[in-house]
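Reading through the structure tokens given below for one structure.
Only the coordinates and a few stated rules stand behind these numbers; no lab work does. All figures in this text were calculated on a predicted structure; none of them were measured in a lab. Heads up, the Cβs are rebuilt from the backbone with ideal geometry, glycines too, and the neighbour counts pull from every protein chain shown.
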């Protein structure tokens, strides 16, 4: 829900940015023609380049959420492609600014320098006002397209400062004022362009997201009580949305309940991280942490049980050496005592059963095999020695 609202708001910001940039470009073009300032004219041409770039990004964001038979998960990477092209355009614009100042034939001064300074200051204020609010929106919506447009506004403001530095330096007679301003702004422009190009390339190449975003998702999954662990987690960007793939270890053996749990976890994770567009969760049952053996006895606690469902006592032996005695709670049931005892053994995470040979019916033996519980027959002599050893251990303990 949050992701849908974010995607819906992004095009409006880009459209507003494009309209404002177009208005300012027309105003600068008119002022440059009127004042004869080549610097203002160059800035106007640069602004028109930004308008074209903004239209490209707007179109990408506008059409990226659309699904079709050929693009079943949408075209979200259009936004990354537009951001990449926008970043390259910013690099080119920065290069043009440096080239015009340091390798060009010089700059023609404005015929109305004071009025030009006032005009450029008003343009700069309008740009700074919009830049401030669009930067907040880009951070809130996590949109690479908006981030690219924010960097474009930095480029525009930098170009405006270069114009003001050139005009002001000419009036004050300050040497190299324009060159110093250009270097400072160029560093800002190239740094911002590098970040936009880097992020868009990572997304286009399906690189995993930053460790911070991945850690938020991993921490949330591990905090769910039924999740025993996350064996695989991959999170990637596509435009301003996230795609998540994970393998969960669940403390649940029932297939139907595990499937419902995975659906619930997906819904909860989408609410916790609104940027997530699609989640693919695989799950596997929790692996047995230790070996647990169940030995079935008659009433004397020494003789192995001759019938699986009619055993009087059950002793559970863990590999750590711990043992526990249990009375068979299903021995006196009229029907289904063997099936109920099997369910009880599964619930207590038994990995192996030792009984007298032939005491388990074939159908129950097949079910035990399906739930991966091994069955080993044991002779009366072998059982007696096992019981004697166990009794000695109990007396010592």
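List the pair-distance distribution P(r) of segment 303-369, using every Cα-Cα distance, as the percent of pairs falling in each 5 Å bin from 0 up to the bin containing the longest distance, rounded to whole percents.
For segment 303-369, the pair-distance distribution reads 3, 16, 29, 28, 17, 5, 1, 0.
Using 0.36 nm per residue of separation minus the Cα-Cα distance, give me the extension gain between residue 218 and residue 170 in nm, one decimal.
11.5 nm
Grab the beta carbon distance between residue 306 and residue 347, set R0 = 22 Å, and tell me the FRET efficiency rounded to 0.05.
Efficiency at R0 = 22 Å is approximately 0.35.
Rule-of-thumb check for segment 211-285: C-alpha Rg over 2.2 N^0.38 Å?
1.04
Once fully extended, how much extra length lies between residue 191 and residue 290, figured as 0.36 nm per residue of separation less the alpha-carbon to alpha-carbon distance?
30.2 nm
Starting from the Cα of residue 96, step 7 Å along the direction of its Cβ; do the same at residue 299; then give the gap between the two resulting points in nm.
It works out to 10.1 nm between the two label points.
Given N residues in segment 251-310, what is Rg(Cα) / (2.2 N^0.38 Å)?
Compared with the compact-globule rule of thumb, segment 251-310 sits at 2.03.
How much length, in nm to one decimal, is gained on full extension between residue 260 and residue 125, taken as 0.36 nm per residue of separation minus their Cα-Cα distance?
43.1 nm
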